[in-house]
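A short write-up of the structure that comes next.
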Amino acid sequence: MNAWLRHSTIVLLCTLSLCAYGQEKNLFAQYPMHTSLIFNAAVSDCKSPALGFTVSRQGQLGYYANFMIGLGNMHLKTDFHADDNGRLLDGDNAGMMPFYSGKRAYNRFSGTVGLSCRMGIPLFAYVGGGYGYRTETRELLNHKWVEAASGQGHSGIVEAGLIGHIERLTLQAGYTLFIGQQQHLYHEAKVGIGFTFYKK
């Protein structure tokens, strides 16, 4: 609950900073299409951060695509699986507590697409979904790797947030939810900064 509150507070603060900028009175006026490139960072309890980028095309209505990848060590191959207590679930030593070497790998990447709608200049709301993969693996003393129970594995993703423009400067604040196997959930706050290209 504390982690969820912390992430929500970060998103709320970013949102307020976007909303503080003056809004146009006529929300339904014609608004020309423009393209934005935003560099993102994911904020979560995971020790390994994730970075990525968003490309958006926005007018009165618009669309976007986002890609994120974890920056820590990645090790996708696993030999065994562990339960919530760290005991092995498979292999010859199933049910036993293994000896770990101390090496960990956080595997995380995702791709999402979605739609956006202008709420007012310069503020846009977006919602989207896509695919993600997130696991935590730990190395045993015999150099085999174990997948921890805390991972979501192959996951569906839903996300929502706001994109705001101050002249050509672009700011993004959003919330991402991984829905993994056995409905394991993983929450992230997404923030971003970028540049908007307007046609002259």
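Only one of the numbered conditions (1) surrounded by 13 or more Cβ atoms within 10 Å (Cβ to Cβ); (2) touching a residue at least 24 places away in the same chain (Cβ under 8 Å); (3) under 22 Å from Tyr186 (Cβ atoms) is violated by Ala125, and that is (3). Taken over segment 83-101, the criterion of being of a type in the set (Gly, Ala, Ser) and over 17 Å from Ser150 (Cβ atoms) is satisfied by Gly91, Ala94, Gly95, Ser101. When only residues in segment 56-65 that are out of contact with any Leu (no Cβ under 9 Å at 6 or more places or on another chain) and open to solvent by less than 10 Å² (accessible area, probe 1.4 Å) count, which is modelled with the highest pLDDT? This residue is Gln58.
Yes/no per residue for (1) of a type in the set (S, T, N, Q); (2) in contact with a strand residue (DSSP E or B) (Cβ under 6 Å, 6 or more places away or on another chain); (3) at pLDDT 90 or above:
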| residue | (1), (2), (3) |
| --- | --- |
| Gly130 | no, yes, yes |
| Gly156 | no, yes, yes |
| Ala160 | no, yes, yes |
| Thr170 | yes, yes, yes |
| Gly174 | no, yes, yes |
| Gln182 | yes, no, no |
| Glu188 | no, yes, yes |
| Tyr198 | no, yes, no |
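Residues in segment 144-187 that are part of a loop (DSSP other than H, G, I, E, B) and either within 18 Å of Gly86 (Cα to Cα) or among the charged types (D, E, K, R) (or both): 9 in all. Close Cβ contacts (under 9 Å, 6 or more residues apart or on different chains) running from residues in segment 154-176 that are basic (Lys, Arg) to residues that are outside any strand (DSSP E or B) comprise Arg168/Tyr198.
The values are calculated or read from the model by the stated rules, or taken from the named source; none is laboratory data. Here the structure is a predicted model, which is why all the values come from computation and not from measurement. When we count neighbours, we look across all protein chains shown, and the Cβ atoms used for this are built from the backbone with ideal geometry, even at glycine. SASA here: full protein model, heavy atoms, side chains in, ligands and nucleic acids out. Shrake-Rupley method; radii C 1.70, N 1.55, O 1.52, S 1.80 Å.
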